[in-house]
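The values are calculated or read from the model by the stated rules, or taken from the named source; none is laboratory data. Fair warning: this is a prediction, and the values are worked out from it, not measured in the lab. Cβ coordinates were reconstructed from backbone atoms using ideal geometry, including for glycine residues, and neighbour counts include every protein chain displayed.
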Amino acid sequence: MTAGPDISNPYAPPRATVRDIVDPNAAALPADRGSRLGASILDTIVFMLMVYFPLGLAAIVGAGGGDSTPAMVGGGLLGLTGLVAWSWVTIANVKRNGQSIGKKVVGIKVVRANGDPVSLGRIFWLRNIVNGLLSMIPLYGIVDVLFIFGESRQCLHDKLADTVVIKA
């Protein structure tokens, strides 16, 4: 008996490999404003717990009297360790799928405006560094956030980086 299709039976059903094909012209659904706000709040909470909480705890312990140097040094080291851990997890997630911790929890991600995956450099430099420098301009932060109420649901930092936030 031979392996392979049975060509001797003209009444046999056809055999074919069927694959799902993603339509490249289909636009991804933009993330809703509430999801973006929730992700931002979650990211802030995670950062505060990993970085500021150890620093604050050390300040409280150090304020108890006596020599506060060991508590402050320990809190500083814990805060620095938390910063390194937070940075590593965030960078790994953003590089892999365009999601911060908060975005992953709420099910949204950042992509290029044309739908391509976003690079870590684009997120770091354009969405964070350039936007952070522009935030020194009075009222820029408010204008940046208010842009989300436009039809495209893009904040100003999204427009600067040519990115959109979509449902994952």
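Per-structure values
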| read-out | value |
| --- | --- |
| Among residues of segment 103-140, those that are under 21 Å from Met50 (Cα atoms) and in contact with a strand residue (DSSP E or B) (Cβ under 9 Å, 6 or more places away or on another chain), counted | 1 |
| Residue satisfying all of: in segment 89-136; assigned to a loop (DSSP other than H, G, I, E, B) and touching a residue at least 60 places away in the same chain (Cβ under 8 Å); nearest to Ile41 (Cα to Cα) among these | Ser100 |
| Of all residues in segment 90-123 being exposed (fewer than 15 other Cβ atoms within 10 Å of the Cβ) and of a type in the set (A, V, I, L, M, F, W, C), the one that is nearest to Leu156 (Cα to Cα) | Ala113 |
| Total residues in segment 125-153, condition within 15 Å of the chain's Cα centre (by Cα) and surrounded by 15 or more Cβ atoms within 10 Å (Cβ to Cβ) | 2 |
| Segment 1-35, subset at pLDDT below 75 and among the hydrophobic types (A, V, I, L, M, F, W, C), residue farthest from Val145 (Cα to Cα) | Met1 |
| Test: Ala85 is crowded, with 18+ Cβ neighbours inside 10 Å and touching a helix residue (DSSP H, G or I) at 6+ places or on another chain (Cβ under 9 Å) | no |
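A quick yes/no check of all residues on (1) in contact with a Pro (Cβ under 9 Å, 6 or more places away or on another chain); (2) of a type in the set (Ser, Thr, Tyr); (3) assigned to a helix (DSSP H, G or I):
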{"site": "Leu37", "(1), (2), (3)": "no, no, yes"}
{"site": "Ile41", "(1), (2), (3)": "no, no, yes"}
{"site": "Thr44", "(1), (2), (3)": "no, yes, yes"}
{"site": "Met48", "(1), (2), (3)": "no, no, yes"}
{"site": "Phe53", "(1), (2), (3)": "no, no, yes"}
{"site": "Pro70", "(1), (2), (3)": "no, no, yes"}
{"site": "Gly74", "(1), (2), (3)": "yes, no, yes"}
